[in-house]
Every structure is written in C-alpha cells, then in structure tokens.
Amino acid sequence: PEVDRVLKEEHRNPAYIHGDVTIPNIVLRNDRLFFIDWDRLRIGSTYNELAGTIMNTAQLNTTLMESLLKGYEEVRPLQREERLLVAALYRLPYEVWAVTRNGAVRSRLFTMLQQSWPHRLHAVRWLDEWAGAGEIIHHRS
C-alpha cells in the first residue's frame, strides 16, 4: 500500500527526467557533475530513472551503488517506500527483457547476461537491504 501511494503521488505530480543517464552522458569538471545529451528529455518516473541510472552507471558494483545513492539522498532523501520502489524497478534489467523478447538464447547479450548473473543477484540483494525489503519479508513470515 505504501508503494502504491508513492506511485499515485508521482502520477499526480510527474517530473522531467533525462531518460539516458549513462557514463558517456556524465561529465565531471572541477568536482562538479554535469549531464549532457538531453535529447531523451521527457516526463517520466523519477524512481525508474534512478533505478536505470544505478544499472547504467554502477556496473553491478555495490560500492558504486552505495556512493550514488548516498549522493542522491544528500539532495533528495528517499522514504522507505520510495526505496522499495527503486529496488523493485532495479530488478527488471533491460538485458533480460531483450533476451526473452527476441528469443536470442545464443546471442552475445545472453552470454553477457549469464556471466553477470551472480553479480546481478548480489547487487539486487544489496539494494533490497538498502531499501529495507528484508524487514517486509520477516514481518510477513
């Protein structure tokens, strides 16, 4: 119910999102961070944008994930239900959808997915812990 409330609130108050936060679209200069390449700017979900940014920039490295989220929350702290939503969205990596949609079991993308799967699971578990998802599981048991 808490996550549902967050989704409804976001629907009532949508935000502009970059749409393509990846390493090539980030420039660091004199301890300042700039986003470039705004051609995908649109109204969308800030939570989906954050989950995608983590996936696109942290390279499944939990130290980088922690640093990114810490910096994000210095500017905009997240409530527990917002964290849960980000963690849930992070679980849906684009590569899985692309492989299953295209039936490309022998593709290079599938091979990369297989090789990275243990690291992905580790990152998902870390993000669940960050979000407090374990508390929900223990509470319902």
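Worth a mention:
- The chain: calculated mean residue ellipticity at 222 nm from DSSP helix runs of at least 4, using -39500 (n - 2.57): -20000 deg cm²/dmol
- Using the 1.4 Å probe convention, the accessible area of the chain works out to 70 Å² per residue with neighbouring protein chains retained.
- The slack between Ala88 and Ile43, meaning 0.36 nm per residue of separation minus the straight C-alpha distance, is 14.2 nm.
- The C-alpha atoms of the stretch 35-120 occupy a region whose extents along the principal axes are 43, 30, 25 Å, arranged from largest to smallest.
- Here the chain is treated with +1 on each Lys and Arg Cβ and -1 on each Asp and Glu Cβ, and its dipole about the Cα centre works out to around 420 debye.
- FRET E, pair Thr63, Arg5, Förster distance 35 Å, beta-carbon r, rounded to 0.05: 0.65
- Of every Cα-Cα pair in the stretch 18-64, the percent that sits beyond 12 Å: 64
- In the stretch 1-80, the convex hull through the Cα atoms has an average projected area of 6.0 nm², a quarter of its surface area.
- From phi via Karplus (6.51, -1.76, 1.60), per-residue ³J(HN,Hα) for the stretch 87-94 in Hz, x at Gly/Pro: 4, 5, 5, 5, 5, 9, x, 3
- For the chain, carbon and sulfur atoms together expose 55% of the accessible surface, with a 1.4 angstrom probe and every protein chain in place.
- Qualifying trypsin sites (Lys or Arg not before Pro) for the stretch 1-101 [loop in DSSP, other Cβ within 10 Å: at most 12]: Arg40
- Here the dipole of the stretch 1-71 is about 120 debye; that uses its Cα centre as origin and unit charges on the Cβ of Lys and Arg (positive) and Asp and Glu (negative).
The values are calculated or read from the model by the stated rules, or taken from the named source; none is laboratory data. Quantities reported herein were computed from a predicted structural model and do not represent experimental measurements. Because the Cβ atoms are built from the backbone with ideal geometry, glycine has one as well, and the counts that use them run over all protein chains shown. For the accessible areas, the whole protein counts, side chains as well, though only heavy atoms, and no ligand, DNA or RNA atoms are used. Shrake-Rupley method; radii C 1.70, N 1.55, O 1.52, S 1.80 Å.
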